[in-house]
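Working notes for the structure below.
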Amino acid sequence: MPRTPKLNRRNFLAAAAVAGAAGTVSPVDAATAPPEPRRLPSALPPNAHVAAAETGAPEMPAQENGMPGSDFMVDVIKSLDLKYVPANPASSYRGLHESLINYGKNTMPEFLTCMHEESGVAMCHGYYKATGKPLMTLVHGVVGLQHAAMAVYNAWCDRVPVLIVGGNDLDAAHRAPGVPTFHSGQDINAIVRDFTKWDDTPISAQHFAQSFVRMYKIATTTPYGPVMMALDGGLQMEPVRDFGEPLYIPKFFPSAPPQGDLAAVREAARLLAAAERPVIVVDRVARTPNGVSLLVELAELLQAPVVDQGNRMNFPNTHYLSRPASVIGQADVVIGMELSDYWGTVNGFLDNDNNGFGQNVSKLKPGTKLISISSVDLLTKSNYQDFQRFQSIDVSMPGDAEATLPSLIDAVKSAISNDRKDAMAKRGDTIRQAHAKGLDGTKQAAAIAWDASPISTARLLMETYGQIKDLDWSLVSTSGNTSNWANRLWPIEKHYQWLGASGGYGIGYGAPASVGAALGNRDLGRFSVAIQSDGDLMFAPGVLWTAARHKIPLLAVMHNNRGYHQEVMHVQRLSNFRNRVANIGNDLGPIGTSIMNPDIEYHKLAESMGWWAKGPITDPADLGPAIKEAVAVVKSGQPALVNVVTQPR
Ligand SMILES: Cc1ncc(C[n+]2csc(CCOP(=O)(O)OP(=O)(O)O)c2C)c(N)n1
Ligand SMILES: [Mg+2]
C-alpha cells in the first residue's frame, strides 16, 4: 500500500484553514443534523452536533500519491539512533511531528512534551552530559527559537552537541497568512548563528538527508556544539521528489578527534618533565570515562597537582594529587587543558576595587611557562565573548585534549630522566600531605553553623549525601551557589558523579538540564540528584511537569535562599563602595533581588505538577528524614522535591 499521499501543500493549507473555523461541519452532516436546540447559558455538555463540529476531523482534499517529505525525514532521523525529542509543539513543524508519532510510532525518537523551548534545549544538554549521546529538539520558527536561544548559548559555551530543527514556512506566496506568517522568517537560523557550529536550510528531501547527517557529524566532532536546521513547512508536507535519482540516507561515521601537533607535544613534555613545580589545570578534558583515567596517568607520572575547574568530572577529588587553584601561584610550568578561560586561570581580577573598577593581577611567578591544549581554539566566532581575554601561551596546541593525552603521556615518559625520579616522588609526598590537610580544613569549615536555621549550605549538601551515598548516584547539577560543598566534600570518582554547570551561566539551566540528565540516568539505572536554587527554578518551572509526565525520577533538593543572592551581593558591594546603605525597601527585602513576600511554596508548585514534595524545611534536624522519604519515592520511579530554606551561600 502506498504510504502516502498525499496531499500537496496548497490544498492542505486550504483544508486546515476551513477546519480551523470553529463550528464548521461538513455539508453532509449539516443536512442530516437535527435543528440546533435553544442555547442555554451554562456549561452543559455540548450536543452531538456541536461536539462533532468542535472535535471532528475536517474533510480533507484528495491526496496525491507519494511519501510525505516528513516520513522520509523520520527515516533519516531514525538512522542516527536519537532516543528522545524533548520539544514544545508548533504548527511550523506539524508535518514532522505527525510523521514522528504516526509513521515513526513515537519511538527512537520518542516525543517528550516540554513547556518552554529553553527547557527542550537544556534537557538535550543535560541528557548528553549524562549519557554521551546527543538528542534533537524541535522549535517553532521565529518565536520558539527566540525562546530557545539562551539555552543554545549555554550548550555552545559548554561544548555540548544539541541538534535543533526549527519549523519555518518560507513560501511567502502560499503559506497561511496571519499568525503563521508572523512566525516565519527569511533566515531563522540567524537568531542562533553566532553560537551554533553550523546551520542549514534544506530545500529538497535529499538535501535534508545530507544536512541532517552532516549536522550530527559536525555537532559530535570536537569541540562539540549545538547545530541548527530551518525546516521548511512545505518540504515537510509535500510528497518527496527524487529528481529522477533514488533517495538515500548517507551513513554516519564518527570523526576522529583532532590532536595536538606531535612536535609541540614533545616540547610540552620536555617542559613538564624538567619543571620543579608543574601544575595541571583541567576544565572539559574528560569527554569520556577514559579521559579521567588518562589524566590520572599523566598526573601520577609527573607527580603533579591537578586543579579541576569542574566543568566536567575530570579528575577524582579523592586522589591525593587533586588540589585547589591556589597551587597555580607556585607553578613554574602550567599545562591548561580545554580551559574556558586561560587568562582568568593565571590572573586574578578584583571586582570593584578602591577605584570602583576591576583590577587585574597576575597570579604567576615571573618566568612561568604556559602550555595549552584546547579544541576550542579550532572554533572561535567573533560576536559573543566566550573566547575570553587574550592570554599569551608559550606552547599552544589547538586540538582535543583527551585525544592528545596518550601521545603526551608517551612523550613525558621518554622525557623524564632517571635522576628526576626521586625528586618527583618527594614532590608527590608533599602534595599528599597538603591534600589531607586541605580536606581536614574543609571539614572544619563545613561544621560552622551546622545547627543554624536557615540551614547552612554545607549541611544541605552533607545531609543529602548521607541519604544517597550507598546508591549509584549522579549529581546532575547544582544551581545557585552552595559554596561548592559538593565538589569539596562529596567523593566524586566516577565521570557521571558530577556533570558540570551550564557553560554560559545563563540562569534557568539547572532545572531543565537536571531533568534531561535524569532521563539519561534513568535509562542507565543511576540515581539522579540535583541541588535546585529558587531563582533558577522560576525561569521555566513547567519542566517539573515534563519530568512527572514522562516518569523521570529525580531528587531535587532546594537551595531556597529566597533570592537572587548573587545579585544581592553585587548591589550590596556597590552600595558599600559608594558609602550608602543598601535600600532594603522596608520589610520587602533587598529591592529587585529578593524572592520573598509572598514566599513561593516550591513544594506546592512541584506537587501541583505531579511531584512528591515536602517543605518548607527550616529545622536542620528535619532535613535528613525528609530527604530519606524523598529518596524512597525517587527509587520507586517518581520525581521528588524537598524545599529547604537555606543560608544565602
Ligand atoms: C538569564 C540570566 N538572567 C540573569 C542573570 C544574572 N544572575 C546571575 S546569578 C543570578 C541569581 C540566581 O539566583 P539563584 O538561582 O536563586 O541563585 P543564588 O544566587 O540565589 O544562589 C542572576 C539573576 C543570569 N546569569 N542569567
Ligand atoms: Mg537563590
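Using helices alone, I'd like the mean residue ellipticity at 222 nm for the chain: each DSSP H run of four-plus residues gives -39500 (n - 2.57), total over residue count, nearest 500.
-11500 deg cm²/dmol
Provide the packing ranking of 66-73, 508-515, 479-486, 237-244, i.e. peptides ordered by the mean count of other C-beta atoms within 10 Å per residue, highest first.
Ranked by mean Cβ neighbours within 10 Å, highest first: 508-515, 66-73, 479-486, 237-244.
Classify the stretch 97-168: rounded, prolate or oblate, from the alpha-carbon gyration tensor (a ≥ b ≥ c, eigenvalue square roots; a/c under 1.5 rounded; otherwise prolate if a/b is larger than b/c)?
It comes out oblate by the Cα gyration axes.
Angle check, please: helix 457-468 long axis (alpha carbons) against the longest principal axis of the chain (alpha carbons), in degrees 0 to 90, nearest 10.
With rounding to tens, the tilt is 70 degrees.
Rounding to the nearest 20 debye, state how big the charge dipole of the stretch 169-320 is about its Cα centre with +1 on each Lys and Arg Cβ and -1 on each Asp and Glu Cβ.
With Lys and Arg at +1 and Asp and Glu at -1, about 360 debye.
Cα to Cα, under 20 Å, and not fewer than 8 places away if on the same chain: which aspartates and glutamates meet these conditions relative to Lys628?
Cα-Cα hits under 20 Å: Asp451, Glu463, Asp470, Asp472, Glu607, Asp619.
Choose one of Ser362, Met313, Val292: the residue whose Cα lies farthest towards the positive end of the charge dipole of the stretch 262-376 (beta-carbon charges +1 Lys, Arg; -1 Asp, Glu; about the Cα centre).
My answer, from the dipole projection, is Val292.
Return one number: the angle in degrees, 0 to 90 and rounded to the nearest 10, between the long axis of the Cα atoms of helix 401-415 and the longest principal axis of the Cα atoms of the chain.
20
How would the stretch 244-342 be classified by its alpha-carbon gyration tensor: rounded, prolate or oblate, with rounded meaning a/c under 1.5 and the a/b versus b/c comparison settling the rest?
Cα axes put the stretch 244-342 in the prolate bin.
Considering only protein heavy atoms, with the full assembly of protein chains and a 1.4 angstrom probe, order Asp419, Asp308 by accessible area, largest first.
Most to least solvent-accessible, the answer reads Asp419, Asp308.
Given a Förster distance of 22 Å, report the FRET efficiency between Asp451 and Glu601 from their Cβ-Cβ distance, rounded to the nearest 0.05.
0.35
With each label point set 7 Å from Cα along the Cα-Cβ vector, what nm distance links Ser293 and Asn360?
The two pseudo-label positions are separated by 4.2 nm.
Give the accessible surface of the stretch 455-524 per residue, rounded to a whole number of Å², with probe radius 1.4 Å and ligands, DNA and RNA excluded.
Heavy-atom SASA per residue in the stretch 455-524 reads 30 Å².
Which whole-number percentage describes the relative contact order of the stretch 390-544, with Cα contacts under 8 Å and a sequence gap of 6 or more?
Here the relative contact order equals 21 percent.
Run the numbers for Gln572 and Gln330: contour at 0.36 nm per residue of separation, minus the present Cα-Cα distance, in nm.
My answer for the length gained is 83.8 nm.
How many nm separate the modelled label positions at Lys381 and Lys426, each set 7 Å beyond the Cα in the direction of the Cβ?
Each label point is offset 7 Å from its Cα along the Cβ direction, giving 5.2 nm.
Which of the residue pairs Lys426/Lys469; Lys133/Lys551; Lys251/Lys381; Lys494/Lys551; Lys421/Lys443 have a Cα-Cα distance greater than 23 Å in the structure shown?
Lys426/Lys469; Lys251/Lys381; Lys494/Lys551; Lys421/Lys443
Arrange the residues Leu339, Leu301, Leu170 by how much accessible surface each exposes, largest first, with a 1.4 angstrom probe.
Leu170, Leu301, Leu339
Under 1.5 on a/c is rounded, so check that first for the stretch 582-649, then, if it is not, pick prolate when a/b is larger than b/c and oblate when it is not; a ≥ b ≥ c are the square roots of the alpha carbon gyration tensor eigenvalues.
Here the stretch 582-649 falls in the prolate category.
Could you state the angle between the C-alpha long axis of helix 289-302 and the longest principal axis of the C-alpha atoms of the chain, as a value from 0 to 90 degrees rounded to the nearest 10?
10
Name the residue from Ser184, Met609, Gly510 whose Cα lies farthest towards the positive end of the charge dipole of the chain, charges +1 on Cβ of Lys and Arg and -1 on Cβ of Asp and Glu.
It is Gly510.
If the chain between Phe253 and Asp619 were fully stretched, how many nm would it gain, using 0.36 nm times the residue separation less the Cα-Cα distance?
126.2 nm
Which value, in debye to the nearest 20, gives the size of the charge dipole of the chain about its Cα centre, when Lys and Arg are +1 and Asp and Glu are -1 at the Cβ?
940
Tell me which chymotrypsin sites (Phe, Trp or Tyr not before Pro) from the stretch 354-395 have a DSSP coil assignment and no more than 10 other beta carbons within 10 Å of their own.
Phe357, Phe390
Using each residue's phi in the stretch 563-574, evaluate 6.51 cos²θ - 1.76 cosθ + 1.60 at θ = phi - 60° and report the 3J(HN,Hα) Karplus result to the nearest Hz, with x for Gly and Pro.
x, 8, 5, 4, 6, 4, 5, 4, 5, 4, 4, 6
Normalising by the residue count of the chain, find the relative contact order in percent from Cα pairs under 8 Å and 6+ residues apart.
For the chain, the relative contact order is 13 percent.
Based on C-alpha coordinates, I'd like the Rg and Dmax of the chain, in Å.
According to the Cα coordinates of the chain, Rg and Dmax are 28.1, 103 Å.
Determine the gain in length on full extension of the stretch Lys413-Arg241; use 0.36 nm per residue of separation and subtract their C-alpha separation, reporting nm with one decimal.
Roughly 56.0 nm would be gained on extension.
Using the Cα centre of the stretch 396-543 as origin and beta-carbon charges of +1 (Lys, Arg) and -1 (Asp, Glu), tell me which of Tyr465, Thr442, Ala501 is placed farthest towards the positive end of the dipole.
Thr442
The values are calculated or read from the model by the stated rules, or taken from the named source; none is laboratory data. Remember, it's a predicted structure, so these values are computed and weren't measured experimentally. With ideal geometry, Cβ positions are generated from the backbone for all residues, glycine too; neighbour counts draw on all protein chains shown. These accessible areas exclude ligands, DNA and RNA; they are computed on the full protein's heavy atoms, side chains included. Shrake-Rupley method; radii C 1.70, N 1.55, O 1.52, S 1.80 Å.
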